[in-house]
Amino acid sequence: MNHFHYKGGVLHAENVSLTDIADAVGTPFYCYSTATLERHFKVFSAALPKDSLVAFSVKANNNLAVLKTLANLGAGADVVSGGELRRALAAGIPPDKIVFSGVGKTKNELTAALAAGIYQFNVESEPELIALDRVAEGLNRKAPVAIRINPDVDAHTHAKISTGHAETKFGIPWSRARDAYALAASLGFIDIVGIDMHIGSQVSDLAPFEAAFAKLTDYAKELRASGFAISRIDFGGGLGVPYRSDNAPPPDPSEYGRLAAGALKGLDAQLIVEPGRLIAANAGVLVATVTYVKHGENKDFLILDAGMNDLIRPAMYDAYHGIVAVEAPLPDAPLHDYDVVGPVCETGDCFARARPLPPLKSGDAVAILAAGAYGATMSSAYNARPPAPEVLVKDDAYAVVRPRLDDDAFLTADRIPDWLRKA
Ligand SMILES: *Cc1c(COP(=O)(O)O)cnc(C)c1O
């Protein structure tokens, strides 16, 4: 469910025409819908036990206005860097709703998070445990820790976003989990509070979750029996979203919620979840203009003013994104196969191959759908292209929530060293 619909022949975000925004802001731009973000967050939260913490995965979308929209609904945050921590705090997410994941937290990041008083460190290795203990000792403050266990289940998702099998860098393997808890218990400034996992992203059926939830909760019971204080169970994120309408839809968020709640029954532990994509993907589109229609030897190319630097998912994960014309085509318009590409000098700068679309011409706007998660956050300035600006819509209002960097700011960020100045 999302709030991008045609009204009067033009694609709208809620009650704002994307053409109006394009005229004011210029393309390409990201556009997010408040009502969609809110709906996804509410539906998912409602399916979970009352005192659960829904920690939005900031790496999916770190725009301050998006984070604040979710903070107002009671969202927490799952952060994976000091930069994301700063953003979560700046958006008004209370520190006691922030969890910190990631395999390479630096001493500076651990210090900042501990000083801020975050809720939980999801620790991914023994050396990180020791580093965190030292930092905590320096601040004379105990660090609340859940250990991320690699449950060794295959999430059946794209290899680059699969994190829960034994071959990935994430989490501590089962075989060493008990020793890691023993190590944590032996450290003076570590406070064991829970257990954590995250099996991957865009997981599109419930079976891997079911298997991993069962493994983790069984293990939590064992740890408790051995005297470790496990009061929180963090199931991570990863629930998939429908990127294409012709595939079987992913599980309903409320079914996932019921499964998670069921797995926790009788455990008397707080549930923590870290959804990213589920909340933000369908709440955003990337709007671009057709620069040229180019006839190749065997095919036609639709060359857009958005490129892989703006949205890298198709190039990086072979991801499918729906693409529609912003001005609704006539119902009987013939479809034509286009390769939809960007201007970046890379063959991989391609959003879709042989995609059937209504006839389009130079100057027409298109919307690349379900781009609200892992879109803007993964953008870069490759080809000296400043990343696309971001716009947030609420009902009939919109605001530019991350402007396009102006060309001068972009250029003057670099410095010429003295030896190049002296001719
Ligand atoms: C990326 C990530 C998430 C969010 O994953 P989604 O697929 O966007 O829900 C949650 N937890 C951790 C540790 C992550 O790395």
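The values are calculated or read from the model by the stated rules, or taken from the named source; none is laboratory data. Note that the structure is a prediction, hence the values are computed from the model and not measured. Here the Cβ is made from the backbone with ideal geometry for all residues, glycine too, and neighbour counts use every protein chain on show. When the accessible area is computed, the model is the full protein with side chains, heavy atoms only, and any ligands, DNA or RNA have been set aside. Shrake-Rupley method; radii C 1.70, N 1.55, O 1.52, S 1.80 Å.
Among the residues in the stretch 143-161, are any among the hydroxyl-bearing types (Ser, Thr, Tyr) and either part of a strand (DSSP E or B) or closer than 30 Å to Tyr317 by Cβ (or both)? It would help to see each step written out before you state the result.
From the stretch 143-161, those among the hydroxyl-bearing types (Ser, Thr, Tyr) are 157; that's our starting set.
Then keep just the ones that are either part of a strand (DSSP E or B) or closer than 30 Å to Tyr317 by Cβ (or both); that gives 157.
Yes, that holds for at least one residue.
Of the residues in the stretch 301-346, how many are closer than 27 Å to Asp23 by Cβ and assigned to a strand (DSSP E or B)?
Here the count works out to 12.
So, in the stretch 79-115, exactly how many residues are closer than 25 Å to Thr69 by Cα and among the basic types (Lys, Arg)?
Summing the residues that are closer than 25 Å to Thr69 by Cα and among the basic types (Lys, Arg) in the stretch 79-115 gives 3.
Being small (Gly, Ala, Ser) and over 30 Å from Val54 (Cα atoms) is the filter here, so list the residues in the stretch 279-317 that pass it.
Ala288, Gly296, Ala306, Gly307, Ala315
Restrict the check to the stretch 359-371 and report whether at least one residue is surrounded by fewer than 20 Cβ atoms within 10 Å (Cβ to Cβ) and within 16 Å of the ligand (Cβ to nearest atom).
So in the stretch 359-371, the residues surrounded by fewer than 20 Cβ atoms within 10 Å (Cβ to Cβ) come out as 359, 361-364.
Of the ones still in play, those that are also within 16 Å of the ligand (Cβ to nearest atom) are none.
No; the residues of the stretch 359-371 include none that is surrounded by fewer than 20 Cβ atoms within 10 Å (Cβ to Cβ) and within 16 Å of the ligand (Cβ to nearest atom).
If I ask for residues that are over 19 Å from Leu330 (Cβ atoms) and either assigned to a strand (DSSP E or B) or open to solvent by 10 Å² or more (accessible area, probe 1.4 Å) (or both), which ones from the stretch 4-27 would you list?
Residues of the stretch 4-27 that are over 19 Å from Leu330 (Cβ atoms), as a first pass: 4, 13-16, 20-27.
Of everything in the stretch 4-27, those that are over 19 Å from Leu330 (Cβ atoms) and either assigned to a strand (DSSP E or B) or open to solvent by 10 Å² or more (accessible area, probe 1.4 Å) (or both) turn out to be Phe4, Ala13, Glu14, Asn15, Val16, Asp20, Ala22, Asp23, Ala24, Val25, Gly26, Thr27.
The conditions are (1) within 16 Å of the ligand (Cβ to nearest atom); (2) open to solvent by 70 Å² or more (accessible area, probe 1.4 Å), and Tyr243 fails exactly one of them. Which is it?
(2)
Looking at Cys350, Cys345, which is the one that is without any contact (Cβ under 8 Å) to a residue 60 or more places away in the chain and buried (at least 16 other Cβ atoms within 10 Å of the Cβ)?
None of the others qualify; the one that does is Cys350.
Given the criteria assigned by TED's automatic domain parsing to the domain that holds His295 and either of a type in the set (Phe, Trp, Tyr) or in contact (Cβ under 8 Å) with a residue 40 or more places away in the chain (or both), does Val324 qualify? If you could, list the steps in order and put the result at the bottom.
Values: assigned by TED's automatic domain parsing to the domain that holds His295: yes; either of a type in the set (Phe, Trp, Tyr) or in contact (Cβ under 8 Å) with a residue 40 or more places away in the chain (or both): yes.
Yes.
What about Lys294, is it more than 27 Å from the chain's Cα centre (by Cα), charged (D, E, K, R) and assigned to a strand (DSSP E or B)?
Values: more than 27 Å from the chain's Cα centre (by Cα): yes; charged (D, E, K, R): yes; assigned to a strand (DSSP E or B): yes.
Yes; evaluated as a whole, the condition is true for this residue.
With the structure loaded, tell me whether Ala185 is modelled with pLDDT of 95 or more and either open to solvent by less than 50 Å² (accessible area, probe 1.4 Å) or in a strand (DSSP E or B) (or both) or whether it fails that test. Before you say what the answer is, go through the steps one by one.
Working: modelled with pLDDT of 95 or more: yes; either open to solvent by less than 50 Å² (accessible area, probe 1.4 Å) or in a strand (DSSP E or B) (or both): no.
Considered against the rule, which asks whether it is modelled with pLDDT of 95 or more and either open to solvent by less than 50 Å² (accessible area, probe 1.4 Å) or in a strand (DSSP E or B) (or both), Ala185 comes out as no.
Residue check: is Asn122 buried (at least 24 other Cβ atoms within 10 Å of the Cβ), at pLDDT 95 or above, not hydrophobic (A, V, I, L, M, F, W, C) and not in a loop (DSSP other than H, G, I, E, B)? It would help to see each step written out before you state the result.
Values: buried (at least 24 other Cβ atoms within 10 Å of the Cβ): yes; at pLDDT 95 or above: yes; not hydrophobic (A, V, I, L, M, F, W, C): yes; not in a loop (DSSP other than H, G, I, E, B): yes.
Answer is yes for this residue.
Looking at (1) modelled with pLDDT of 95 or more; (2) closer than 30 Å to Phe56 by Cβ, can you tell me which one Arg355 breaks?
The one condition Arg355 does not meet is (2).
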